[in-house]
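Since the structure comes first, as structure tokens, the remarks are kept for the end.
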Amino acid sequence: DAGVTQSPTHLIKTRGQHVTLRCSPISGHKSVSWYQQVLGQGPQFIFQYYEKEERGRGNFPDRFSARQFPNYSSELNVNALLLGDSALYLCASSFPVPGELFFGEGSRLTVL
Amino acid sequence: QQQVKQSPQSLIVQKGGISIINCAYENTAFDYFPWYQQFPGKGPALLIAIRPDVSEKKEGRFTISFNKSAKQFSLHIMDSQPGDSATYFCAAAPGQGAQKLVFGQGTRLTINP
């Protein structure tokens, strides 16, 4: 079975641009979460979606938004990129019952 | 109150030795405590997790010790192997929100052959 898949794996943007990151959860998983991992730090929670509804939001500005589609895949959007948005963006999926998060390999965003 | 503090930042252990990583938390609403292992270029992978109704959980060479009164928990890796060299993160989550993990800062573990 395929794990959590994310695209693109790497991308470079300039300040002020917009980026869309995509995630496909493990088949059967209905919950998707997004995390930001700055180099040398632990991941930070951004969003959780379950059954297409936002179920949680971390301490991130409104420039960050996300959505979940009927097939449970998800997009993370970041507007007006700043240098500090450079990070590894991780998507994780899980069963409806609280438990293990399965992470993808991430999308590495570099903002110049 | 949302922080999880992890130590040490880096750790070097000889092959066959015991690796010990510690974490502390403040938020008493946390009731799910997982440990993740991350290799370079990969996403974190769950190693082992514990809930506060037990003080210890063992899976193979990996053991979590949990001290609810001290609000501390630790990961012990027995018979450490070079393949265990990775970055380890502790994390915590409140109630049913196991998806909303608060991670520690990470420990870079190196096992010398």
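The values are calculated or read from the model by the stated rules, or taken from the named source; none is laboratory data. Computed from a predicted model, the values in this text were never measured in an experiment. Virtual Cβ from ideal backbone geometry, glycine too; neighbours counted across all protein chains shown. Note: accessible area is taken over every heavy atom of the protein model, side chains too, but ligands, DNA and RNA are not part of it. Shrake-Rupley method; radii C 1.70, N 1.55, O 1.52, S 1.80 Å.
From the P(r) of the protein assembly as shown, could you give the percentage of C-alpha pairs in the tail past 25 Å?
So the pairs more than 25 Å apart make up 40 percent of the total in the protein assembly as shown.
Summed for both chains, how many Å² of accessible area, to the nearest 100, are buried between B and A with a 1.4 Å probe?
1500
Tell me the accessible surface of A:Thr14 in square angstrom (1.4 angstrom probe, heavy atoms of protein chains only), to the nearest ten.
70
Under 4 °C and 1.567 mPa s, how fast does chain B diffuse according to Stokes-Einstein, given a Kirkwood radius computed over C-alpha pairs? Answer in µm²/s, whole number.
Approximately 93 µm²/s, per Stokes-Einstein.
What is chain A by shape, rounded, prolate or oblate, if you read a ≥ b ≥ c off the alpha carbon gyration tensor as root eigenvalues and call it rounded for a/c under 1.5, prolate for a/b larger than b/c, and oblate otherwise?
Judged from the Cα gyration tensor, chain A comes out prolate (a/c at least 1.5, a/b above b/c).
List the pairs from B:Lys15/B:Lys42; B:Lys42/B:Lys71; B:Lys5/B:Lys71 whose alpha-carbon separation is above 20 Å, in the order I gave them. Don't jump to the answer; show the numbers that get you there.
Numbers: B:Lys15/B:Lys42 24 Å; B:Lys42/B:Lys71 30 Å; B:Lys5/B:Lys71 11 Å.
Cα-Cα > 20 Å for B:Lys15/B:Lys42; B:Lys42/B:Lys71; rest within.
Round to the nearest 0.05 the FRET efficiency obtained for A:Leu82 and A:Glu53 when R0 = 41 Å and r is the Cβ-Cβ distance.
Taking R0 as 41 Å, the efficiency between A:Leu82 and A:Glu53 is 0.90.
For B:Lys58 and A:Glu105, what does the FRET efficiency come to when R0 = 25 Å and r is the distance between their Cβ atoms, rounded to the nearest 0.05?
On the way: r = 29 Å, r/R0 = 1.15.
Given R0 = 25 Å and the Cβ-Cβ separation, E is 0.30.
For the range B:14-65, place one equal point scatterer on every Cα, skip the solvent, and apply the Debye formula. What is log10 of I(q)/I(0) at q = 0.31 Å⁻¹?
For the range B:14-65, the Cα-only Debye profile gives -1.32.
At 0.36 nm per residue, minus the direct Cα-Cα distance, what do A:Arg22 and A:Ser65 gain on full extension? Give it in nm, one decimal, please.
Roughly 14.3 nm would be gained on extension.
With labels modelled as points extended 7 Å from the Cα through the Cβ direction, what inter-label distance (nm, one decimal) is found for A:Gln41 paired with A:Thr5?
The answer from the label model is 3.1 nm.
Could you work out how far apart the two model spin labels at A:Leu112 and B:Thr110 are, taking each label as a point 7 Å from the Cα in the direction of the beta carbon, and quote it in nm?
3.2
For B:Ile20, put the label point 7 Å out on the Cα→Cβ axis and report which residues of the range B:63-107 keep their amide N under 11 Å from it.
B:74-77
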